[in-house]
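Following: one structure in C-alpha cells, then a few remarks.
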Amino acid sequence: MTLGLINANPVVHAKKERVARTEDPHGDDAVDPLEIYDFVRDIRDPEHPYSLEQLSVLSEESITVDEKLGRILITFTPTIQHCSMATVIGLCLRVKLKECFPPHFKVDIKVAPGSHADEKSVNKQLNDKERVAAALENPNLRQLVDECLYSNEL
Amino acid sequence: MAETSQLIQHIESFVDSSHSPGQQAASLEAIASLLKNDQLTIETLVREMEGYLTTTDNIIRARGILLLGEVLVHLASKPLDDAPIHSLIGFFMDRLADWRALRGALVGCLALMRRKSSGGMVSGNDAKAVAESYLQNLQVQSLGQYERKLCFELLESLLERYPNAVASLGDNLIYGICEAVDGEKDPHCLMLTFHIIEVLSRLFPDPCGPLASFAHDLFEILGCYFPIHFTHPKVEDANVKRDDLAKALMLAFSSTPLFEPFAIPLLLEKLSSSLPSAKVDSLRYLSDCTVKYGVDRMAKHGEAIWSSLKDAVFTSVDSVLSFNPESLEGLDLPENEIAAEALSLLQKLIVQNTKMFLDLIVGDEDIKMIFNMISSYETYHEIPPQSKQRLHAVGRILSTSAKASTLSCNRVFECFFSQLMNILGLSVRNSSGHPSSDEGILISKRCNHGALYLSIELLSACRDLVASSETIPAASAHTEETWKYLLQNFSPSLTMAFCSAFICTSEDTHNADMYFGVKGLLILATFPGGYFLIPKTVFERILVTFVSIVNVDYSNTLLWKLALKALVQIGLFIERYHESEKELSYLGIVVERIVSLASVDDFSMPFTLRVEALLEIGTSGQSYMLKVVQGLEGTIYANLSKVHGSTNSAEIVTQLLKCYSNKVIPWICCAKGLEDVLLHFAINIWNQIENSMVFHATQTKERGVLDVMMKAMKLAVASCSVEKQNIIVQKSYSILSSSTSFPLKELFLQEGFQIAQVVDDSSIRDEWILSLFAAVIIAVHPRTHIPNIRPMLYLFMITLLKGNVAAAQALGSMVNKLGSGGQTSSDCTLEEAMDIILNSSLWIFHNDRSPDIQAKMTVVHDISCTSLQIHAIVGLAWIGKGLLMRGHEKVKDMTMIFLQCLQPSGVADISHQEKSVSENSYELDLHHSVMKSAADAFQILMGDSELCLNRDFHAVIRPLYKQRFFSTMMPLLQSLVMKSEPLSRPFLFRASAHIIMDTPLIVVLSDTKKIIPMLLDGLSALSNDILDKDVIYGLLLVLSGILMDKNGQKAVSDSAHTIVNCLIDLIQYPHMMLVRETAIQCLVAVSGLSHARIYPMRMQVLRAIIKALDDPKRAVRQEAVRCRQAWASIASRSLHS
C-alpha cells in the first residue's frame, strides 16, 4: 500500500482578519461562537501545515453555543468525503475544548451533513466518551493530537 | 648595535608565520614607531631586510615584502624624500610580477600612491610605470578576493590621482581595465569596479577618443549587473547594501554619453519587467541618464521612453482616491514608488525637451480616450475602477507636465484646460472679474466629476509652479502667458462650478462632490500673488462659501470638516506668503464670523463643534489665534456674571475654560512671546470676580465652574514669568484682602478657634476668592514674592479644616517653595513657617491642649469631630508632601502623626475624651474612617499629583525622594505590623501598600526579599473589603512587575509557595475583573520559575484555574486558558515546547 496523503492538494483559503473586540467593561461577556472559534481556528490540520480555518474545515457559523444549558455544538466539514482524518480532527477539537472550558459544558462534535461518506459512524465515534478516552490512551494518537494543537508550523 | 638586534628581532617575529597575528601586529607597530621617531631611516630598514626581500623562500619573501608595505602604510603622514620614494616604488612595481608575493607589493604600491603631496608623492612617470607594470603583469580575476580588492583600489587611485599620467596609455589602459573587471562578483570589489569605470569615462570624454571603440565592450561588462539583484546573507557584507551598489552602477551607467546606444534600450527593456524593484531602478537610471546624456542623444529615444513611461504610470497609480479631510492639502493618492519615479523622470524629460514631449502628450491616443471617457460618466462613482486608475494616471501626468516649466504649463493649459471647461459647460466670462448678471444663478446640473478632477489637478499644478518660482507675477505684462489668461478668465465660473458641486446636488450627494468642490475652491483661494490671478470678488466669495458651510452645515460631518480644514489651509497660506491684502479679507470674513460663534446664543449648533472651529482657525496663524482668544475670553466674562442664574451659562463657561486650559494655553506656551495674553487672562478673571458680588457655588454645576476656573488659573499663572506672576499675586492678594471678610492683618494675633469663627462666617463668594487665590499660590515659581506669609498660613490652615483641599495644597506648595528661590527679603523663613504650622493649636493630635481646643472647634464649626480630624489629616498630608519633595527632615514629624493615628492607642488618646460627646456604639466607625484617611495620607505623600506640586507648577523636587522615603518607612511599618492589633493591621497594610505602589519598580526590585512578605500579607489582609480593590490591584501590578523581572524571579523563588497560595485566592476576587485577570497573569509568570520549586504546586493551581475557566468575563477566561496551558505543560515539556 502506498502511504500517500489522503487529500494531496487541498484548497487553501485566506485567513479572516482578526477583529479585536471592542472593550466594553460592562458588556455581557457570555460565551459566544466567536470565542470558541478563536480557540479552535488555529488548530493545525493533521496532514498539512495549514490551520483548520485556512482549509475551511471550520467557520464561526458552524459553531453554536447555549450558555444556560452549557452546550456547545461544533459542526465541521472535512476537506474530502473519504477523509479518514475526520476522526482525528474531531478528537483535536474535543481535547482543545476540554482544555478551554469548564467541565460542565457538554460538547457535541459532528461532521456537516453530507460532507462525509461515513457520516453516521464518524459522529457516533466522536461523541462516544469511552472511545474518546481510549483513543487518548493510545500514545501515537495522543502525539498526533498534541502536534496538531501545539504546532508552531503555521 | 642593540637597536639593530632589536630591529632584527621585530622583523623576525613579523616574518615568522608561527607567531600569532597579535605579536606580528605588535612588532609592526614597533618598527613603524622607530621610523616615525627618526630612530631608524628607511634606507637602514631596507638594508637590514635585504635578505628577507630577496630570498628564494616564497613564504618569507612574501612576508618580508608585506612588512615593508605595511610599514609604508603606517608612514602615510611622515614626509619622505623623493629618492627613497622613487626607489621604493620601483621595487614594488617590479614585484608586481612576483605573483607569489603579490599582496605585499600591492600594499606597498597603494601606500605610496595614496601619499599626500605635502609629504612627498610618487612622480607622474613612476605612476605611469606602475600602471604599465600593472597592465602587463596582473591577472586580476585569477586572484583571491582580498588581492582583487587591493588591485582595484590601486587602479582607482591611479586613475584618480594621476589622470594625466595614465591617460597617455590610451587603448591599453581601457583594454586592461575591461579585462580586470570582467566577471567580478564580490560586492566590495563591485563597488570599486563601478567607480573605476565612472572615473575612466571621465578621463576620456572625447566622443571620438579611445573610449568610443571600447564603449560597447565596456557596457557589455556593466550591463549584465543591471538590475542589481542582491540578497547577500552574510553579516560581514552588511556594510554594502543593495542601494549602494545600485547607486554606484547608476553613476557608471550615466558616466559617459557614449553608453547611450546600449544603455537606453536595456533600461527600457527592463522597465517592462514585472519586478517592481527593476522598474524603479530603470526609471531612476533613466532619469540620471537623461540629465547626463543630453538632449540630442535622448531625443531619438523620446517616443519609446514616453510609451514605456506612460505604461508604468498607468499600471502603478492607485485606483482609489481618498476623500479624507487630511488629504485636502497634499496627495490624495497613496504614494507609489514606481509612479513617483516615473513622474520625476517625465518632469526631467519635459524640462530638457519641452516641445517634443508635449507633442507626444498632446497627441497621445490614450489621453484622448480618457478625455472622451470622462464625458460619458456623470459622477465619479460610476466610473469603473480600471478607468479610474487611468483617469488618475492622466491627472498625474498632466499635473507633472504643467509643473515642469512655465512653457509647458502654457502648452498644457492651451490644449487641455479649455477642453475641460467645455466638458464642464463653462464659458469665458468678462475678464474684469465683476460678477455679471447671470453669475448669481448656480449651475443647476451636476458637474462632470472626471473633468472636475482633472481641472483640480491642473490648477494645483500651476499653483505649485507659481509658488515655486522666485518672481511672483505682479505686473499685467505677463498676461501673454496663456495659462494665466485662461485662468483669469475662467476663475469666476470655475468657482461657481466648484460651489455648485456640493450645493446643488440634493438627494444623492456623494463624498466626491464635496471633496472635489472644497478642494477646487481651496486651490483657487491659495494662488499666490495677491489678487492678480484670482480677483478679490472670487476670493471673498470662496471664503464666504466656506464660512457659511461651517456656520450652517454642521450636520454634514464630512463637508463641515472639509470646509473647516480648507479655511485653516487658507489661513496658513496667507501666513506663509505674507499676503497682506488677502489677510484683511480673511480677518474680516472668516475670523470675525467664526469668533462670533463663541458668543452667539443660538444653540442649534453643537457647542463642541463651535469650539473645534474656533481652535482650528486659531491654530492657522498667530494673529488669528489672538482674535480667537479675545473672542473666547469675551464670552467667558460675559457668561461668568450670569453663572449663578442660568445653568446654561455655567455649562458654557465650563466648556470654554476647559478648552482654554487644554488647547489655548499649551498653544500659547509653544508660540513664545505671547505671555501677556495669559497675564491679561488671569488679571481679567480677577477683575470679574472683584466686580461681581454674587456667587452661589453650592450647586454642583457651579462647583464645576470653580474647578475648571482654578485649573485654567493655575496653568495660566504657571506659564508666566516670575515678574508677571508677581503682578498676578499682588492683584489677587489685594482683592483677597479688600473684598472679603477675612481679617488678614490681625489674623495671627487671635486664638485658633476665634479665627475659625470668623472664617466660618465667610460667604461663598469669599470661599471662591480664597480657592482661586490658592490656585495662584499653587502655580507660582519659588522666586515669586508672596506677601504676608504668616496670615496666609493661618488662613489656609483654618480653611483646610473646613475641608477646603485647595487650601491644603496651597499650604503644601508654600512650604515646598519657601526660601528655595533665592529670595532674601522674605518676611518668613521656612523654619518659622514650620513652627507656626506644627505648634499651631489647630493640630488636634499631638499636644496636650488638643481635647480642649477640639471641643471648641467642634462647636464652632458645627461639624463632627471625625471629619475635623480627617480634614486635618488631609491637610497635614499635603504639607508633608511639600516637605517630602524638597527633602526636608520635618516630614518625619508629619509621618509620626499619621503612624500614631494608625495605632488604636494613638487614636484612643483622642477618643476617650470624645466619649462624653458621642455615643459608644458609634465609636468604632469613627476610628475606621480616621485611620483610613491616615493610611491614605501616604498615598498623597507618595503619589504624583496633577493638581499641584509637580514640575509644571514649579515644585522643588529633590531627586530620589521617593526612594529615600521608601527605605526609611518600610522597616518602620514592618515592625509596626508585627506588634499591631488586629484592628489597625489592615490600615497599616493599606499605608504600606500606598508606599510600595508609588515607589519606582526598580527600587522595589532591589529590595524584593524584604518586601514580598509584606506585600503578600497585604494582599490577603485587604482582599475582603471592597473599598480596598484599587489598592489590591496596585499591589498585584507591583507583584507582576517583580515576577517579570529576572532578578525579581530569583528573589521570589523561595517564597513561590506563598505567592501561589495568595494568587489562587485572588483568582476568585469578586470585586474587580482586572484583579482576577492580573492574578492569573501572575500565575503564568510564576510557571516560569525553577521547575523544582513549582512542580509540587502544579495540581493545586490546575484545580484552581478550572474555576476561572467559568469566569463571567471573557478576558479572564482567556487568561485562564493560557495559564492552564502553561501549568499543564510543566509536566510534559518535551511535547509542548
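Rule-based calculations on the coordinates, nothing more; no lab input. Only a predicted model underlies this, so the values are computations on that prediction, with no experimental measurement involved. FYI the Cβ positions are ideal-geometry reconstructions off the backbone, even for glycines, and counts take in every protein chain you see.
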Provide, for q = 0.04, 0.07 Å⁻¹, the log10 of I(q)/I(0) from a solvent-free Debye sum over equal Cα point scatterers in the protein assembly as shown.
-0.44, -1.21
Output the relative contact order of chain A, whole-number percent, from Cα pairs under 8 angstrom with separation of 6+ residues.
23 percent
Potential lengthening between B:V722 and B:K1010 on full extension [0.36 nm per residue; Cα-Cα distance subtracted]
99.1 nm
Can you give the FRET efficiency to the nearest 0.05 for B:N164 and B:C670, using r as the Cβ-Cβ distance and R₀ = 35 Å?
0.05
Treating only the Cβ of Lys, Arg, Asp and Glu as charged (+1, +1, -1, -1), what charge dipole size does the protein assembly as shown show about its Cα centre? Round to the nearest 20 debye.
1580 debye
Counting pairwise Cα distances across region B:968-1017, what percent come out greater than 15 angstrom?
39 percent
In percent, how large is the relative contact order of region B:986-1137, given Cα pairs closer than 8 Å and 6 or more residues apart?
20 percent
Two pseudo-spin positions, 7 Å from Cα along C-beta at A:L144 and at B:Q688, lie apart in nanometres by 7.9 nm
How much length is gained on full extension from B:S548 to B:D1110, taking 0.36 nm per residue of separation minus their Cα-Cα distance?
196.6 nm
In whole angstrom, how far apart do the alpha carbon centroids of region A:78-154 and region B:1024-1045 sit?
41 Å
Could you give the length gained by full extension between B:K642 and B:T41, i.e. 0.36 nm per residue of separation minus their alpha carbon distance, to one decimal place?
206.5 nm
Which distance in Å, rounded to a whole number, links the C-alpha centroids of region B:664-685 and region B:539-609?
24 Å
For the pairs A:K68/A:K124; B:K962/B:K1046; B:K890/B:K962, flag any whose C-alpha to C-alpha distance is greater than 19 Å.
A:K68/A:K124; B:K962/B:K1046
So for A:E53, B:E29, fewest C-beta neighbours within 10 Å to most, what's the order?
B:E29, A:E53
With the dipole of the protein assembly as shown worked out from charges on the C-beta (+1 for Lys and Arg, -1 for Asp and Glu) around the Cα centre, which of B:S493, B:I1032, B:I85 lies farthest toward the positive end?
B:I1032
Distance (nanometres) between label positions extended 7 Å along Cα→Cβ at B:R100 and B:E337:
5.1 nm
Under 27 Å Cα to Cα from B:K149, which lysines show up? Leave out anything in the same chain fewer than 8 places away.
B:K78, B:K116, B:K128, B:K185, B:K234, B:K241, B:K247
Per-residue ³J(HN,Hα) for region B:215-227, Karplus 6.51 cos²θ - 1.76 cosθ + 1.60, θ = phi - 60°, Hz, x for Gly and Pro:
4, 4, 4, 4, 5, 4, 5, 5, x, 6, 7, 9, x
Which order results if B:T799, B:T56 are arranged by neighbouring Cβ count within 10 Å, fewest first?
B:T56, B:T799
Would you please give the residues with an amide H less than 5 Å from that of A:K110, counting only those at least 5 places away or on a separate chain, with H modeled from the backbone geometry?
A:I74, A:T75, A:F76
Ranked from fewest to most other Cβ atoms within 10 Å of their own Cβ, B:Y1095, B:Y1033 fall in the order B:Y1095, B:Y1033
Give the distance, in whole Å, between the Cα centre of region B:63-137 and the Cα centre of region B:785-801.
87 Å
Largest-first principal axis extents of the Cα set of region B:1-147 (Å):
43, 35, 23
Which of the peptides B:182-191, B:42-51, B:1016-1025 is most tightly packed, and how do the rest follow, judged by the mean count of other Cβ atoms within 10 Å per residue?
B:1016-1025, B:182-191, B:42-51
For region A:49-54, in order, what is each residue's ³J(HN,Hα) by Karplus, 6.51 cos²θ - 1.76 cosθ + 1.60 with θ = phi - 60°, in whole Hz (x at glycine and Pro)?
x, 10, 7, 4, 5, 5
Taking +1 at the Cβ of each Lys and Arg and -1 at the Cβ of each Asp and Glu, which of A:H48, A:L58, A:A135 sits farthest along the dipole of region A:33-151 towards its positive end, judged by Cα position relative to the Cα centre?
A:A135
